[in-house]
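Worksheet: one structure, shown below.
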Amino acid sequence: MARKIRLVEIIDRMIPPAPQRGVTAGEAVLALVLNGLGFVSRPLYLTPAYFETKPVGTLIRSGLTEEDLNEFTLGRALDDLHEAGLSALFLHLASSAVGLSERGTTFFHLDSTSFTLSGRYPQSEAREDEEAEDEGEPAVIRITHGFSKDHRPDLKQFVLNMITLHKSRIPIWVEALDGNTVDKTSFSRTIQSFLQQVQGAETPMLFVADSALYTKKTIGELSGKIQWVTRVPETVGLVRHLLSEVPLEAFRPGGEDLPGIRFCEVGTTFGGIPQRWILVYSQTSREREEKTLSRAVSREKKALEASLRALSQTVFSCSEDARTAWEEIFGKARYHRASECVVSEETGHVRSGRPKKDAKPEIQGYRISGSFEPDPEGIDRELHRKGFFVIASNHLDDKALPAPEMIALYKSQGTSIEPGFRFYKDPLFFADAFFLKSEKRIMALTVVMGIALLIYSLAEEELRRTLKTLKGSVPDQKKKPTSRPTMRWIFQLMEGINWMPSRGDPAGAIWMKEVQKKIISFFSPEVKAIYGVP
């Protein structure tokens, strides 16, 4: 597949090989991709060890040996990638791949994720106060703290924005960004950077993204350049108004392709941009969110019980302070309300020792106690909105893009781009990949990982297409035949192939199991030739 998309050729054309180097940038990238897809992701300095049992001359170029693929060669290649312009280089590669897979490029999906890193990054720390990079120099990310999608706010990170094709995990654009980058500002910049690289494209482009895209500034910047579909955040006042005013009876069924979905379409203007809003009700989401709400009510109840226990042990100087503390606790409660509140005097003798017979106890402070109960109105208010959300688009032609298709387009976000992020973080592929301490090389490695994802996705598509055409199958994890295997499973089935170098034959000798030969038989003649399968 790497040869089919001309991986080495395209990279070497953009990064001309230096005469004194024995390995070109394209060949080094191919080596890193093969290493990453080999289930033994290793540090750069261990890459030669990976290729000791592989026919390097057959896989990459005749004459190359595993010693040529050393830490210094691969490190220089990552530096060269950064200098050449990472996102533009990746787009050039991916565009070639898209042409080969005969896909339209009308619909795209955009999203982001974060990668946490350990250790110090002196270059990032030195640039903390810098506002801009030197003109003419390729941008370098800053490894720093930010909103962590991995739920590790204690660690530094960087952010990755990715654009994929619709109904596919095939990436078309990858871009590493500073660790404190915010989606609400970066999405617009990413799309505009992408558009600059595809100037002259005749097909109108429509981007699907989450609610971070929906800000007045962003949709104002993009609406004259692209069409978009996104979710409207509930912080927009009109969303709450519509969901509370439009009865469910006004919603139409989504049909066979959208089971459990009902919708209602309205026209509106936001940020000066005319748009269509699709009010959506999902029964599946409703049931899931009801369970989430039930857990939230239970958590709040336990928290209130703990707060009241602590409050009952506190002695206040006056009754007003006690009531203020009580009100502060229930002022934050969303699903419960106070049902009883009692302030009692704490009395005693101020002086130490035995009090006189006629001495009367004095008030030393005040305690407060009471009980609470569920707040039906608060719970119903939250429950009323469950299962509802609003999708917006500046695509105003409801015949070219009917509401059910727009809903399906938005819902496919999870099947188009999320698998790509899971690939990036899958320990079977690039486990501990970001061991590098150079921000430039980390940026370059994210693109190498994107290239691996590109090849992985294209290979999976090709295999599934061939299996469907030939009505073939391979065994799944339960030994049952399947025509839709993942490449992740295929790679696991292909483990254990034995290769023995031979003096008379550069390709050497290969020993494979029957199931491995069967898998190879479904690929192109070039792949069969590498493995010696007729």
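The values are calculated or read from the model by the stated rules, or taken from the named source; none is laboratory data. None of the values given here were measured: they were computed from a predicted structure. Cβ atoms come from the backbone with ideal geometry, glycine included; neighbour counts cover every protein chain shown.
Of the listed requirements (1) in the same structural domain as Gly267 (by TED's automatic domain parsing); (2) farther than 14 Å from Phe389 by Cβ; (3) surrounded by 18 or more Cβ atoms within 10 Å (Cβ to Cβ), Leu242 misses just one: (2). Arg286 passes every criterion in (1) within 30 Å of Thr218 (Cβ to Cβ); (2) charged (D, E, K, R); (3) surrounded by fewer than 13 Cβ atoms within 10 Å (Cβ to Cβ) apart from (3).
Taken over the stretch 1-36, residues that are charged (D, E, K, R), over 20 Å from Asn70 (Cβ atoms) and surrounded by 15 or more Cβ atoms within 10 Å (Cβ to Cβ) amount to 2. Pairing residues of the stretch 214-226 that are without any contact (Cβ under 8 Å) to a residue 24 or more places away in the chain with residues that are part of a loop (DSSP other than H, G, I, E, B) and aromatic (Phe, Trp, Tyr), at Cβ distances under 6 Å and at least 6 apart in sequence or on separate chains, gives no pairs at all.
Comparison of Arg354, Arg309 shows that the only residue that is modelled with pLDDT of 90 or more and exposed (fewer than 15 other Cβ atoms within 10 Å of the Cβ) is Arg309. Looking across the stretch 226-275, the residues that are basic (Lys, Arg) and modelled with pLDDT of 90 or more come down to Arg231, Arg252, Arg262.
Kindly evaluate Gly36 against the criterion of being at pLDDT 90 or above and of a type in the set (Gly, Ala, Ser). Answer is no for this residue. Of the helices (runs of 4 or more DSSP H) lying entirely inside the stretch 394-477, the ones with 3 or more residues being modelled with pLDDT of 90 or more are found at 403-411, 439-470. Being of a type in the set (Ser, Thr, Tyr), assigned to a loop (DSSP other than H, G, I, E, B) and surrounded by 13 or more Cβ atoms within 10 Å (Cβ to Cβ) is a description that does not apply to Thr203.
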